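A short worksheet on the structure shown next.
The values are calculated or read from the model by the stated rules, or taken from the named source; none is laboratory data. Predicted model only: the values in this text are computed from it and were never measured. Using ideal geometry, Cβ is built from the backbone for each residue, glycine included, and neighbour counts are taken over all protein chains shown. Heavy atoms of the whole protein, side chains included, go into the accessibility calculation; ligands, DNA and RNA do not. Shrake-Rupley method; radii C 1.70, N 1.55, O 1.52, S 1.80 Å.
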Amino acid sequence: MTPGLTRRRVVRVPASSANLGPGFDVLAAALGLHLELEVVETGTFDVVTDLDVSRGRDNLVVRAFERLHPADGFEFRIGSDIPLSGGLGSSAAAVVAGLMAADHLFELDADVLALAADLEGHPDNVAAALKGGFVVCDGAEAHRFEPPMGLEAVLVVPDAAVKTAEARAALPHEVPMRDAVFNVAHASMLLLGLASADWDLISAGLRDRLHQPHRAHLYPRSAELLDRARDLGALGATISGAGPTVLVWSRYDQTGPLVEALKRDATGWATVMRAGFEPQGADVRSL
């Protein structure tokens, strides 16, 4: 540590939801829940958090940080309101936070998106966390666009978690051509609806045949909610990432009654969170 100078950064990273129905491994959106990381040069290594995560070098934030620079001499203070399981990008937020902290502290000008995608194994969640808004991913590249005004999100987070590896294993290696064509059509409708703020197109575009039906047996209550969301006043619903969280899509003027209906529906098996789509991506501040 430089005498008289304490280096410190605060990084704030949003949650994210991947797939968005028909956009399997391609589409994602940032959500209004956040991980906040404060990295302080104290002269000793430490991880300070109330979260149920490692406090050692294998902590995901620290592992990401050390992809760019050793963590010796730094204290990592981590807080988050992102559920640690459920498909809301908690690991992507941790990876982005660690990388961005090191990149800014040491002025490295690193390709954070590529590094984060490599650590996560796929780019969708990390791209949304890094850029905010909605993203379309193609390999390690991501193209961002703004959430339409008036579109809101409500999360139904089940108490019982599902392992991502188990959710991945439930997917078939091949799908019928008609299902692939169905998803191309619906992803196109969804993107056009988001670009033009057309509620009917957004609602029509949320359907999927590539991943959600194959995973329904892992979280039957979440799967049932997908079918009933419109009856509760939503535009529709999608499984967030590998699940089991349900992302419920809403028009701003319907969100209040929708939240109350979802809370009644989720009693005893899930928590309802009004999060919203987040236009702001990861942000770093010096203190």
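Filtered by the rule that a residue be open to solvent by 50 Å² or more (accessible area, probe 1.4 Å) and touching a helix residue (DSSP H, G or I) at 6+ places or on another chain (Cβ under 9 Å), segment 19-52 gives Phe24, Asp25, Val26, Glu36, Phe45. Screening segment 242-254 for residues that are open to solvent by less than 10 Å² (accessible area, probe 1.4 Å) and of a type in the set (Gly, Ala, Ser) and picking the one that is farthest from the chain's Cα centre (by Cα) gives Ser250.
In segment 63-70, is there at least one residue being in contact (Cβ under 8 Å) with a residue 60 or more places away in the chain, under 26 Å from Pro244 (Cβ atoms) and either open to solvent by less than 10 Å² (accessible area, probe 1.4 Å) or touching a strand residue (DSSP E or B) at 6+ places or on another chain (Cβ under 8 Å) (or both)?
no
For segment 255-287, taking the residues that are hydroxyl-bearing (Ser, Thr, Tyr) and over 19 Å from Ala29 (Cβ atoms), the one that is surrounded by the most Cβ atoms within 10 Å (Cβ to Cβ) is identified as Thr271. Provide a single number: the residues in segment 199-220 that are touching a residue at least 24 places away in the same chain (Cβ under 8 Å), under 17 Å from Ala270 (Cα atoms) and in contact with an Asp or Glu (Cβ under 9 Å, 6 or more places away or on another chain). The qualifying residues number 1.
Considering only segment 7-18, I want to know if a residue exists there that is in a loop (DSSP other than H, G, I, E, B) and either at pLDDT 95 or above or buried (at least 18 other Cβ atoms within 10 Å of the Cβ) (or both). No, there is no match, as no residue in segment 7-18 is in a loop (DSSP other than H, G, I, E, B) and either at pLDDT 95 or above or buried (at least 18 other Cβ atoms within 10 Å of the Cβ) (or both).
Within segment 266-280, is there a residue that is under 18 Å from the mean Cα position of the chain (by Cα), at pLDDT below 95, charged (D, E, K, R) and not in a loop (DSSP other than H, G, I, E, B)? Within segment 266-280, one or more residues are under 18 Å from the mean Cα position of the chain (by Cα), at pLDDT below 95, charged (D, E, K, R) and not in a loop (DSSP other than H, G, I, E, B). Of the conditions (1) under 13 Å from the mean Cα position of the chain (by Cα); (2) closer than 15 Å to Ala129 by Cβ; (3) crowded, with 22+ Cβ neighbours inside 10 Å, Gly86 clears all except one; give me its number. Going through the list (1) under 13 Å from the mean Cα position of the chain (by Cα); (2) closer than 15 Å to Ala129 by Cβ; (3) crowded, with 22+ Cβ neighbours inside 10 Å, Gly86 breaks only (2). If the condition is being in contact with a strand residue (DSSP E or B) (Cβ under 9 Å, 6 or more places away or on another chain), open to solvent by 70 Å² or more (accessible area, probe 1.4 Å) and within 18 Å of Glu260 (Cβ to Cβ), then segment 213-238 contributes Arg228, Arg230.
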